[in-house]
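Notes to accompany the following structure.
The values are calculated or read from the model by the stated rules, or taken from the named source; none is laboratory data. Given the structure is predicted, the values throughout are model-derived calculations rather than measurements. So basically every Cβ, Gly included, is an ideal-geometry build from the backbone, and we count neighbours across all protein chains shown.
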Amino acid sequence: MKPKVDTQEKRWLSVTETAVYLGIHLQTAYDYFYRGLIPGARIGKTLRIDKKRLDEYLEKQTEKSERRAASGLRGPRPEPGLAVQSRALV
(Lines give C-alpha, C1' and ligand atoms only; values in the text may rest on other atoms or scores of the structure.)
Protein backbone atom coordinates (compact mmCIF):
# COMPACT_ATOMS: atom_id res chain seq x y z
CA MET A 1 0.00 0.00 0.00
CA LYS A 2 1.37 3.39 -1.02
CA PRO A 3 1.71 5.97 1.75
CA LYS A 4 -0.30 9.13 1.27
CA VAL A 5 1.82 12.16 0.50
CA ASP A 6 0.78 15.58 1.69
CA THR A 7 0.47 17.82 -1.40
CA GLN A 8 1.31 20.84 0.78
CA GLU A 9 4.92 19.62 1.00
CA LYS A 10 5.43 18.43 -2.59
CA ARG A 11 6.73 20.71 -5.36
CA TRP A 12 5.77 18.48 -8.30
CA LEU A 13 2.38 16.78 -8.50
CA SER A 14 1.16 13.95 -10.69
CA VAL A 15 -1.90 14.57 -12.81
CA THR A 16 -3.96 12.46 -10.38
CA GLU A 17 -2.73 14.51 -7.41
CA THR A 18 -3.45 17.71 -9.36
CA ALA A 19 -7.01 16.56 -10.09
CA VAL A 20 -7.58 15.83 -6.40
CA TYR A 21 -5.95 19.14 -5.38
CA LEU A 22 -8.19 21.11 -7.76
CA GLY A 23 -11.29 19.00 -7.15
CA ILE A 24 -11.72 18.18 -10.84
CA HIS A 25 -12.07 14.94 -12.80
CA LEU A 26 -8.84 13.21 -13.81
CA GLN A 27 -9.61 13.51 -17.53
CA THR A 28 -10.28 17.23 -17.09
CA ALA A 29 -6.83 17.62 -15.51
CA TYR A 30 -5.26 15.87 -18.51
CA ASP A 31 -7.24 18.07 -20.90
CA TYR A 32 -6.15 21.22 -19.06
CA PHE A 33 -2.51 20.08 -19.16
CA TYR A 34 -2.54 19.35 -22.89
CA ARG A 35 -4.35 22.64 -23.64
CA GLY A 36 -1.72 24.53 -21.65
CA LEU A 37 -4.08 25.71 -18.91
CA ILE A 38 -2.14 23.86 -16.22
CA PRO A 39 1.62 24.55 -16.10
CA GLY A 40 3.75 21.44 -16.05
CA ALA A 41 6.30 19.29 -17.80
CA ARG A 42 6.56 15.91 -19.42
CA ILE A 43 9.39 13.80 -18.01
CA GLY A 44 9.64 10.76 -20.24
CA LYS A 45 6.12 9.35 -20.25
CA THR A 46 5.26 10.98 -16.93
CA LEU A 47 3.47 14.31 -16.59
CA ARG A 48 4.35 16.51 -13.63
CA ILE A 49 2.64 19.71 -12.59
CA ASP A 50 4.64 22.38 -10.77
CA LYS A 51 2.50 23.15 -7.71
CA LYS A 52 4.13 26.54 -7.18
CA ARG A 53 3.31 27.68 -10.74
CA LEU A 54 -0.15 26.11 -10.49
CA ASP A 55 -0.88 28.13 -7.34
CA GLU A 56 0.38 31.32 -9.05
CA TYR A 57 -1.85 30.59 -12.06
CA LEU A 58 -4.86 30.07 -9.77
CA GLU A 59 -4.15 33.36 -7.99
CA LYS A 60 -4.09 35.22 -11.32
CA GLN A 61 -7.36 33.57 -12.36
CA THR A 62 -8.94 34.49 -9.03
CA GLU A 63 -7.85 38.12 -9.45
CA LYS A 64 -9.34 38.20 -12.96
CA SER A 65 -12.62 36.79 -11.66
CA GLU A 66 -12.73 39.32 -8.84
CA ARG A 67 -12.08 42.21 -11.25
CA ARG A 68 -14.83 40.96 -13.57
CA ALA A 69 -17.26 40.66 -10.65
CA ALA A 70 -16.38 44.16 -9.44
CA SER A 71 -16.96 45.60 -12.91
CA GLY A 72 -20.47 44.19 -13.01
CA LEU A 73 -19.82 41.59 -15.69
CA ARG A 74 -21.55 38.31 -15.02
CA GLY A 75 -21.04 34.75 -16.04
CA PRO A 76 -18.04 33.00 -17.50
CA ARG A 77 -16.55 34.17 -20.76
CA PRO A 78 -16.71 31.70 -23.61
CA GLU A 79 -13.36 30.15 -24.42
CA PRO A 80 -11.65 31.48 -27.54
CA GLY A 81 -12.43 29.41 -30.58
CA LEU A 82 -15.64 27.96 -29.23
CA ALA A 83 -18.76 28.92 -31.11
CA VAL A 84 -21.61 30.17 -28.98
CA GLN A 85 -24.99 29.15 -30.28
CA SER A 86 -28.07 31.12 -29.47
CA ARG A 87 -31.64 30.64 -30.57
CA ALA A 88 -34.11 33.42 -30.90
CA LEU A 89 -37.43 32.72 -29.28
CA VAL A 90 -40.29 33.45 -31.61
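Within the range 35-59, work out how many residues are modelled with pLDDT under 90 and more than 19 Å from Ala19 (Cα to Cα).
0
Look at Gly72 and say whether it is at pLDDT 65 or above, part of a loop (DSSP other than H, G, I, E, B) and over 28 Å from Val20 (Cβ atoms).
yes
If I filter the range 34-62 down to residues being touching a strand residue (DSSP E or B) at 6+ places or on another chain (Cβ under 7 Å) and hydrophobic (A, V, I, L, M, F, W, C), which single residue comes out as nearest to Leu13 (Cα to Cα)?
Applying the filter and picking the extreme gives Ile49.
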